[in-house]
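Data block below; observations after.
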Amino acid sequence: MSNQHQKYGNMQCPNCGSHNTQSVSVAHQQSIRTGYNGYQSISAFGKDLEPPPPKSAFLYPLGVAYMVGVFTFFGLSEISTRLEESWPTLASWFGSHPIIASAIVGVIAGALVSLSAMGFNASTHRRQLNRWSKGVVCRRCGHRFNK
């Protein structure tokens, strides 16, 4: 008896009743083909079985930092006007150092998004990946279910 059958027993698909089931991770791995030149391809069935992707803790936050910085720079006059009522010193500093102020606001926004992505990857993504690894797929009808 193979390790696959030992681990998952004789699982029956709740959709079609077939006993031709396999773990999602093994079925995904078997759907990847590597050509003679090292190029990898994956079948449509394998694409449906891909593990959940983690959130980027670098590229997406970098984009957010850039966009927030640009919008802050172009909206600085409005921001300074609104800040004058609450923090007049900060408003005058923003007005006299627009590039530095925009960069600081952008870096803070990027850091917050990066921390959020790292928190997601450490908790939610880990649970999603754990659930994915426990999934079973029917090789007859393609139905996915958990053991």
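Each reported figure results from applying straightforward, stated rules to the coordinates on display, with no laboratory input. Because the structure is a prediction, the values reported are computed rather than measured.
Would you mind checking which residues have amide H under 5 Å from residue 55's amide H? H placed 1.01 Å from N; only 5 or more apart, or other chain.
121
Using θ = phi - 60° and the Karplus relation 6.51 cos²θ - 1.76 cosθ + 1.60, list the HN-Hα couplings for segment 115-130 in order, rounded to whole Hz, with x at every Gly or Pro.
5, 5, 5, 5, x, 4, 5, 6, 10, 4, 5, 4, 5, 4, 5, 5
Using amide H atoms built in the peptide plane, which far-off residues or other-chain residues are under 5 Å from residue 136 H to H?
24, 145, 146, 147
From the phi angles alone, apply the Karplus equation (6.51, -1.76, 1.60; θ = phi - 60°) to segment 44-55 and give each ³J(HN,Hα) in whole Hz, x where the residue is Gly or Pro.
Couplings: 4, 4, x, 5, 5, 9, 4, x, x, x, x, 7 Hz.
For Cα pairs less than 8 Å apart in space and 6+ apart in sequence, what is the mean separation divided by the residue count of the chain, i.e. the relative contact order in percent? Working shown, then result.
Values: 174 pairs, mean separation 49.4, N = 147.
Across the chain, relative contact order equals 34 percent.
Under the rule of at least 5 residues apart or a separate chain, name every residue whose amide H is placed under 5 Å from the amide H of residue 21.
139
Compute the semi-axes of the equivalent ellipsoid of the chain, taking the square root of 5 times each eigenvalue of the Cα gyration tensor, and list them largest first in whole Å. Write out the running numbers ahead of the final one.
Working: eigenvalues 551, 58, 27 Å².
Taking √(5λ) for each Cα gyration eigenvalue gives 53, 17, 12 Å.
Rg to Rh for segment 59-122: what is it, with Cα atoms only and Rh by Kirkwood?
Values: Rg = 13.4 Å, Rh = 12.3 Å.
Radius of gyration over Kirkwood radius for segment 59-122 works out to 1.09.
Please turn the phi angles of segment 89-106 into ³J(HN,Hα) values with the Karplus equation 6.51 cos²θ - 1.76 cosθ + 1.60 (θ = phi - 60°), one per residue in order, whole Hz, x for glycine and proline.
Using θ = phi - 60°, the values come out as 5, 5, 4, 5, 5, 4, x, 8, 10, x, 5, 5, 4, 5, 5, 5, 4, x Hz.
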